[in-house]
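Written out below as structure tokens is the structure these notes cover.
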Amino acid sequence: MKTYMCPVCGYDGLEEEAYDNNFNPSYEICSCCRFEYGYSEDHNVDLGYIVIPNEMREAAFQLYRKQWIEEGAEVGHPEYYPKEFQEKGKVKQEMLIKQLKRLDLPLDNFTFLDYDS
């Protein structure tokens, strides 16, 4: 079965593309970061409830991604996210880095959780 990549966390396990060619969202929820395409960009960023225009969607992804990582990169739906990628309810750091690299993000902008502390 073909899978698709989450534009927020880089997890390659979505059943549908997050958005089609006309920017219509799938409303699928990423089992890794729990971002819901078509809902979270307007409701789950620290800005409160505002409607994000399509051309600002990447900014919403960045805000959500930053919050999610700073809160410890908790696995959104552990029952659907591979167990070998998880540790103590969080995405294993090496897996998180691998996923973020898929998005071509500069990783020096992120502060990663130290799971041993």
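Less than 5 angstrom separates the built amide H of Val75 from those of Lys90, Val91, all sequence-distant by 5 or more or on a different chain. For region 4-109, the alpha carbon positions stretch 35, 28, 24 Å along the principal axes, listed from largest to smallest.
Using Cβ point charges alone (K and R +1, D and E -1), the dipole size of region 4-109 about the Cα centre works out to roughly 380 debye. Packing, as the average of other Cβ atoms within 10 Å across residues, places the peptides 78-91, 23-36 in the order 23-36, 78-91, highest first.
Every number here is computed from the coordinates shown, using simple stated rules; none is lab data. Just so we're clear, the structure is a prediction, and the values are computed from it rather than from any experiment. Neighbour counts are summed over all protein chains in view; Cβ atoms, including those assigned to glycine, are modelled from backbone coordinates with ideal geometry.
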